[in-house]
Every structure is written in structure tokens, then in C-alpha cells.
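A.B. asks: The structure that follows is given in the form of C-alpha cells.
The values are calculated or read from the model by the stated rules, or taken from the named source; none is laboratory data. Note that the structure is a prediction, hence the values are computed from the model and not measured. So basically every Cβ, Gly included, is an ideal-geometry build from the backbone, and we count neighbours across all protein chains shown. We work out accessible area using only protein heavy atoms, side chains counted, and drop any ligands, DNA or RNA first. Shrake-Rupley method; radii C 1.70, N 1.55, O 1.52, S 1.80 Å.
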Amino acid sequence: GANLGLYSMTFNNDAHLDREALQAYKEFRIEAELKGFRHFLEVFAPNCPVQSIADVPRYVNDCITRTLGGVPKAGRPIFLKIPYFGPEAMDQLTHYDSSIIVGILGGSSGTTHDAFRMLWESKKYGGHAALFGRKINNSEHPLTFVKFLRHLADGELEPEQAVRDYHGELSDLGVQPYRTLDDDLQVTQF
């Protein structure tokens, strides 16, 4: 079987700590490569920056490209998991290295429209995966929620219509939605 793992990183705009994070990842990557161990790389938004960061999406993308610069193909992560920072940041990152699958993490639950729009927009700008643990687990009916995420990923629906159809299926299933349709159509996380 294939050996596969996850490596998580956060950069906080502190030269010393960020250098330590890069060195630790380098050591992990080299050992993984020597042992034939492939990995996912998860990069979080700064959680306690030492200095103010004017443009967090640009900063994170810059950290990712510097982290992966000069890394041979065999040592690169097969998947990159990041927060969704919007169209421009996603487009820049997905065009940096087309061999890496860029996926987004879901973050907090938010409205159904938040989740559906995030996946739809990410895909539109080059994202290839969405890891929506909380968004799925905290939905009214996870299987139906995933069904609509699939429709969005396949380009069969746009976010607003998917929310409407999701509410229709909840009604058909006898499942009470957490929010009214009007409230669930709101975009709150962008």
C-alpha cells in the first residue's frame, strides 16, 4: 500500500519562527522522500502574527511558493490544503504549479450558501478539492448536503439554486432546516 501523510504549517510573519517552520518541513520532506512517503501539505492563515500583515492571502501564497521553490517533483506534496482567500489568491496559487492539487478547507459552518459558493468559486478559479468536515457534519442532512456539493463540483448547479434545491429536498425528507431559506441564501463568510 501507499504511504501517505499530512504535514501542517502556519506562518506568522516572524522571521525566526517562520524559518524554524520551513526547516522542520524541509527535514520532514527529505525524510519522507527517502522513505517513499507521499504527503499532503496543509497551510493555515496566520493565527498570531508578530507583525501586522496587510494582505494575508498574498502573504500565505508567497509563503507557499517560497516553501515549495526548488523542491524536486518527487518531494512536492501531492495535495495542498489551504483556507479559501477568494478568486484572485486561488487563481494565482493554482497557476503557480499545475502539478499540485489545490484544495480548500471549510472553516466554520456558516450558511449553506457560504459553503456552496466557496466550493463553486474555488473550482471556478482552479481549486480541485474541498475538505468541508464541519460544514458537512453540521448540516441538517449530511448526505443531501454532499449530494449538492457534488452537483456544484460537477458544474450542474450554481450556488443560489443549489441552496434552493437543498431546502426543497430537506422539506421532502421531513428535515427541518436550521435557517429559513431567505436566511440560508445569505453569504456571510466572504
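A.B. asks: Look at residue 186 and say whether it is part of a loop (DSSP other than H, G, I, E, B) and either modelled with pLDDT of 95 or more or surrounded by fewer than 18 Cβ atoms within 10 Å (Cβ to Cβ) (or both).
C.D. replies: Considered against the rule, which asks whether it is part of a loop (DSSP other than H, G, I, E, B) and either modelled with pLDDT of 95 or more or surrounded by fewer than 18 Cβ atoms within 10 Å (Cβ to Cβ) (or both), residue 186 comes out as yes.
A.B. asks: Tally time: how many residues in the stretch 137-154 are touching a residue at least 24 places away in the same chain (Cβ under 8 Å) and within 19 Å of the chain's Cα centre (by Cα)?
C.D. replies: Selection size over the stretch 137-154: 7.
A.B. asks: Would you please name the residue that is most open to solvent (accessible area, probe 1.4 Å), looking only at residues in the stretch 138-158 that are over 26 Å from residue 98 (Cα atoms) and assigned to a helix (DSSP H, G or I)?
C.D. replies: 143
A.B. asks: Looking at the structure I just gave you, is residue 170 out of contact with any Gly (no Cβ under 8 Å at 6 or more places or on another chain), open to solvent by less than 70 Å² (accessible area, probe 1.4 Å), modelled with pLDDT of 95 or more and in a helix (DSSP H, G or I)?
C.D. replies: Yes, satisfied.
A.B. asks: Related question: So, in the stretch 38-97, exactly how many residues are among the acidic types (Asp, Glu) and in contact with a Lys or Arg (Cβ under 8 Å, 6 or more places away or on another chain)?
C.D. replies: Residues flagged as among the acidic types (Asp, Glu) and in contact with a Lys or Arg (Cβ under 8 Å, 6 or more places away or on another chain) within the stretch 38-97 amount to 2.
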